Protein chains: 2
Amino acid sequence: MDLEQRIEKYAELLVVKGCALEQGQELYLNAPVQVVGFVRTLVKKAYEHGASYVTVNWHDGLVNRYTYDNAPLERFEHLPEWSAERANSMARNGAAVLTILSEDPLVMRGADQAKLVARTVAAHVDCKEYYDAIDFGKMRWCIAGAASEQWATRVFPETSPKESVARLWNAVLDASRVDEDPLAAWDKHQSSFAARKQWLNDQHFVALHYTASNGTDLVVGLLDRAHWEGGGQEGADGIYFFPNIPTEEVFTSPDRMHVDGIVYSALPLIHHGAPVEDFWIRFEGGRAIDYGAREGADILKGIIETDENSCRLGECALVPFKSPIRNTGILFYETLFDENASCHLAFGKGFPECYENGYEMSCLELLNAGVNDSATHVDFMIGTPDINIKGIHADGSTTNVFVNGNWAHDVL
Amino acid sequence: MDLEQRIEKYAELLVVKGCALEQGQELYLNAPVQVVGFVRTLVKKAYEHGASYVTVNWHDGLVNRYTYDNAPLERFEHLPEWSAERANSMARNGAAVLTILSEDPLVMRGADQAKLVARTVAAHVDCKEYYDAIDFGKMRWCIAGAASEQWATRVFPETSPKESVARLWNAVLDASRVDEDPLAAWDKHQSSFAARKQWLNDQHFVALHYTASNGTDLVVGLLDRAHWEGGGQEGADGIYFFPNIPTEEVFTSPDRMHVDGIVYSALPLIHHGAPVEDFWIRFEGGRAIDYGAREGADILKGIIETDENSCRLGECALVPFKSPIRNTGILFYETLFDENASCHLAFGKGFPECYENGYEMSCLELLNAGVNDSATHVDFMIGTPDINIKGIHADGSTTNVFVNGNWAHDVL
């Protein structure tokens with residue numbers, strides 16, 4: 001199979017499995033102009049699979065960067081009405097959402113953090129209908145990558161741009177399990193997630209205890225009525241979709257009030273294109289009370305102080321060191337890929353789908369139950385090759401979950 | 001000067017002279033994704049010249065084509081609310097508008113004309129605030145070209161894509177008078193327009209009589225209180241801008257009730273990417289009452305029957321055969337360029353700026369005064385190398401305006 005054929009199969013995977021587009025449904029496609037050829041393939045595939053209308057929301061990282069560097073702060077404190085209405089109308093129309101990531105991961109390096117934070121909060125407030133529909137399973141959505149020259153030359157600075165793009169495409173496709181029959185490969189992938197989640201849920205751990213040689217020593221409390229998710233998920237209408245392609249993580253929303261100890265980063269965190277490197281965070285009673293970084297401490301501060309609850313965890317995810325993504329041996333500088341190569345935690349919003357009847361609860365009800373709520377959700381990687389994780393049972397006994405960076409038990 | 005430097009000067013020309021962007025003003029940039037590099041240069045220049053915010057409305061011809069081929073007719077009968085609001089809000093915010101043309105001119109060949117016509121009418125109705133602001137001088141706007149591979153390979157199919165793009169860029173820049181100092185070149189160009197318009201207005205012609213060896217024999221009535229425009233124009237606030245770059249035409253809105261005779265095309269008409277070739281139109285009392293074409297008669301029918309008044313003329317434009325655009329020797333397949341290489345007429349909407357106090361009149365008042373109104377405005381080229389045009393005075397006497405395709409009198 002040549003690269004072009006693989007890319008076409010990948011486009012089909014994103015439309016059919018990723019956002020599970022139905023006959024007669026609209027598609028909202030967030031796409032960078034750099035990968036116009038791939039976007040055209042996606043639009044074509046969407047219509048072939050019965051899309052009633054495809055709306056492409058094009059954007060360009062460099063144009064955005066010029067805007068952040070030149071427009072005043074107040075322009076980022078609200079979205080233009082038309083822009084919010086575009087997103088919200090997609091929720092009302094029951095569109096599926098497909099978001100393609102291709103930007104230079106460092107395009108926002110050095111940009112004004114106050115503007116970036118203001119924009120994150122504004123989007124969350126002004127596009128409430130849209131984000132609620134996504135968070136509460138009313139819309140199916142999928143985020144996936146596509147190799148642009150800008151991204152590829154960042155990952156492979158040593159080869160020619162053309163060669164770097166081909167290399168990154170192959171890495172994206174390998175990581176996304178695009179073989180002769182990717183639809184079947186993802187069905188199989190899903191079965192292994194089901195077995196892993198079953199095992200974790202059956203343990204009824206009250207907390208996880210992380211330790212690693214870099215100094216990490218952290219206890220993350222788990223909620224009695226929360227459970228583990230991973231792979232695809234069911235929307236409120238029962239239709240199955242894959243919000244992330246690739247995905248290797250099994251995750252839950254931890255108890256927002258019970259996180260204690262210290263954790264050290266395993267990989268850089270790239271936030272809005274700005275890197276945070278070699279950082280640590282100390283938690284007490286669920287709150288990040290202290291932190292430091294070799295580079296980008298201001299970025300980390302911006303994330304933690306986005307709003308009242310952004311200093312608390314919304315996600316706790318387990319990813320084995322052995323995975324197709326780690327096997328590529330590449331640091332993608334892109335959370336979608338790098339988070340699936342490493343155990344991670346996330347500041348900010350938790351997941352209703354990880355809580356019993358969470359889709360029927362309000363954000364406030366979830367918050368009171370221990371599932372965090374915030375305008376932001378930012379992953380950071382903590383999974384070193386030597387990380388050990390013990391599950392703590394209600395009686396204080398423990399069971400190994402991870403030993404030396406990989407699952408302690410084969411459950412498949 | 002190398003090509004890159006010329007393109008940068010051109011970008012500055014479009015921002016500074018084209019839409020005359022002011023300090024603190026917004027810019028609304030309609031741009032095809034194919035020329036992302038040029039669009040970035042424009043955005044950069046706009047911020048350098050004091051733009052408060054640049055909104056880029058990206059689009060792609062092929063994605064549009066897939067949409068026309070797959071989405072049902074009713075999707076084209078109204079614009080999504082957010083899309084209309086985006087345009088209308090630009091009018092309310094007093095933005096300048098810059099529209100870049102780069103699409104493959106034939107991308108819509110064979111597309112459903114009913115959908116294309118429905119979309120034209122819907123845009124006019126739903127974006128009334130926006131189009132009124134443009135038509136009545138409340139917003140400054142500029143339309144210009146940029147060489148994409150899709151367009152370039154259509155114009156120069158015989159060379160490699162890369163070479164074709166360079167050739168088309170050079171042709172666009174030559175046609176747009178981009179030399180060492182394009183801002184000065186356009187000031188000079190404007191002075192020659194002023195002299196030409198003065199001469200025409202001083203003649204007080206009541207009609208023009210067109211004849212050519214291809215059979216053209218047409219009398220176009222002129223309105224007593226209309227005048228000739230050309231080059232740049234003043235907005236309602238007195239700021240000067242160039243709605244078209246390039247521009248070589250001197251034009252007016254003729255009497256919508258007095259056009260009689262037959263006219264033959266001099267160049268193909270490309271409408272929404274679909275070609276009409278070797279066509280003729282017969283007028284009586286201002287109305288197109290009969291027509292024919294070797295190819296694309298259905299396209300012509302779609303234009304003429306768009307609405308009640310689209311069968312009448314809104315524009316009559318004089319362009320000498322000797323011009324930088326004709327000198328390139330190229331058929332651009334793009335009205336912006338080809339209309340400036342040939343005398344032309346246009347079906348549809350007339351120009352308030354060509355009528356005395358037209359900016360203060362309503363569309364209906366203008367219509368009653370003889371200036372046509374319609375949802376559409378479509379140019380078609382009639383200027384053969386041998387065209388003769390006589391101006392008819394109120395007393396029946398005549399003065400030569402064009403002899404053998406060029407101005408009969410040197411007035412500079």
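Odds and ends about this structure:
Yes or no, residue by residue, for (1) at pLDDT below 95; (2) within 21 Å of A:S192 (Cα to Cα); (3) assigned to a strand (DSSP E or B):
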| position | (1), (2), (3) |
| --- | --- |
| A:L367 | no, no, no |
| A:N372 | no, no, no |
| A:A375 | yes, no, no |
| A:F380 | no, no, yes |
| A:T384 | yes, no, no |
| A:I389 | no, yes, yes |
| A:D395 | no, no, no |
| A:V401 | no, yes, yes |
| A:V411 | yes, yes, no |
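- The combined condition, being more than 18 Å from the chain's Cα centre (by Cα), in the same structural domain as A:S83 (by TED's automatic domain parsing), under 25 Å from A:L300 (Cα atoms) and not β-branched (V, I, T), is fulfilled by A:A114.
- A:G50 vs. criteria over 23 Å from the mean Cα position of the chain (by Cα), in a loop (DSSP other than H, G, I, E, B) and more than 7 Å from chain B (Cβ to nearest Cβ): yes
- Qualifying residue in the stretch B:24-40 (condition: surrounded by fewer than 18 Cβ atoms within 10 Å (Cβ to Cβ) and in contact with a helix residue (DSSP H, G or I) (Cβ under 8 Å, 6 or more places away or on another chain)): no
- The residue pairs whose first member lies in the stretch B:377-388 and is not assigned by TED's automatic domain parsing to the domain that holds B:K349, whose second member is of a type in the set (F, W, Y), and whose beta carbons are closer than 9 Å, counting only pairs six or more residues apart or on different chains, do not exist in this structure.
- The one condition in (1) surrounded by fewer than 16 Cβ atoms within 10 Å (Cβ to Cβ); (2) within 22 Å of the chain's Cα centre (by Cα); (3) of a type in the set (A, V, I, L, M, F, W, C) that B:M257 fails to fulfil: (2)
- Residue that is surrounded by the fewest Cβ atoms within 10 Å (Cβ to Cβ) [pool: residues in the stretch A:171-207 that are within 21 Å of the chain's Cα centre (by Cα) and not in a helix (DSSP H, G or I)]: A:R177
- So B:W199, is it more than 18 Å from B:S342 (Cα to Cα) and not assigned by TED's automatic domain parsing to the domain that holds B:K9: yes
- Residues of the stretch A:88-121 that are surrounded by fewer than 19 Cβ atoms within 10 Å (Cβ to Cβ) and of a type in the set (G, A, S): A:G94, A:G110, A:A111, A:A114, A:A118.
- Only one of B:V35, B:V43, B:V15 that is facing another protein chain (nearest Cβ under 9 Å) and of a type in the set (A, V, I, L, M): B:V43
- The residue of the stretch A:72-94 that is farthest from the other protein chains (Cβ to nearest Cβ), among those that are in contact with a strand residue (DSSP E or B) (Cβ under 9 Å, 6 or more places away or on another chain) and not in a helix (DSSP H, G or I), is A:G94.
- Within this structure, A:K301 passes the test of being open to solvent by 40 Å² or more (accessible area, probe 1.4 Å) and within 21 Å of A:M108 (Cβ to Cβ).
- Take the conditions (1) surrounded by fewer than 23 Cβ atoms within 10 Å (Cβ to Cβ); (2) within 30 Å of B:S102 (Cβ to Cβ); B:L412 misses just one of them, which is (2).
- Breaking point among (1) open to solvent by less than 10 Å² (accessible area, probe 1.4 Å); (2) touching a helix residue (DSSP H, G or I) at 6+ places or on another chain (Cβ under 8 Å); (3) assigned to a helix (DSSP H, G or I); (4) farther than 22 Å from A:C142 by Cα, for A:F337: (4)
- Candidates A:E22, A:E8: the one that is of a type in the set (D, E), in a helix (DSSP H, G or I) and at pLDDT 95 or above is A:E8.
- B:C142 more than 18 Å from B:L336 (Cβ to Cβ) and open to solvent by less than 20 Å² (accessible area, probe 1.4 Å): no
- Selection within the stretch A:53-71 - open to solvent by 30 Å² or more (accessible area, probe 1.4 Å) and facing chain B (nearest Cβ under 7 Å): A:Y53, A:L62, A:Y66, A:N70
- Exactly one residue out of A:Y68, A:Y28, A:Y47, A:Y10 is more than 24 Å from B:S83 (Cα to Cα) and of a type in the set (F, W, Y), and it is A:Y10.
- Residue among A:A346, A:A375 that alone is in contact with an Asp or Glu (Cβ under 7 Å, 6 or more places away or on another chain), surrounded by fewer than 21 Cβ atoms within 10 Å (Cβ to Cβ) and under 21 Å from A:A274 (Cα atoms): A:A375
- For the stretch A:220-269, filtering for residues that are over 22 Å from A:I303 (Cβ atoms) and either of a type outside the set (D, E, K, R) or not in a strand (DSSP E or B) (or both) leaves 24.
- For B:W280, the conditions (1) open to solvent by 10 Å² or more (accessible area, probe 1.4 Å); (2) touching a Cys at 6+ places or on another chain (Cβ under 9 Å); (3) among the hydrophobic types (A, V, I, L, M, F, W, C) all hold with the exception of (2).
- Pairs where the first residue, in the stretch B:12-32, is β-branched (V, I, T) and the second is in a loop (DSSP other than H, G, I, E, B) and open to solvent by 10 Å² or more (accessible area, probe 1.4 Å), C-beta under 6 Å, 6+ apart: B:V15/B:L21; B:V15/B:H49
- Residue within the stretch B:344-364 that is out of contact with any His (no Cβ under 8 Å at 6 or more places or on another chain), within 22 Å of B:Y264 (Cβ to Cβ) and in the same structural domain as B:Q198 (by TED's automatic domain parsing) present: yes
The values are calculated or read from the model by the stated rules, or taken from the named source; none is laboratory data. The shown structure was predicted, so the numbers you read here are calculated from the model rather than taken from an experiment. Please note: Cβ atoms are built from the backbone with ideal geometry, for glycine as well, and neighbour counts cover all protein chains shown. Keep in mind that these areas ignore ligands, DNA and RNA; they rest on the heavy atoms of the full protein, side chains included. Shrake-Rupley method; radii C 1.70, N 1.55, O 1.52, S 1.80 Å.
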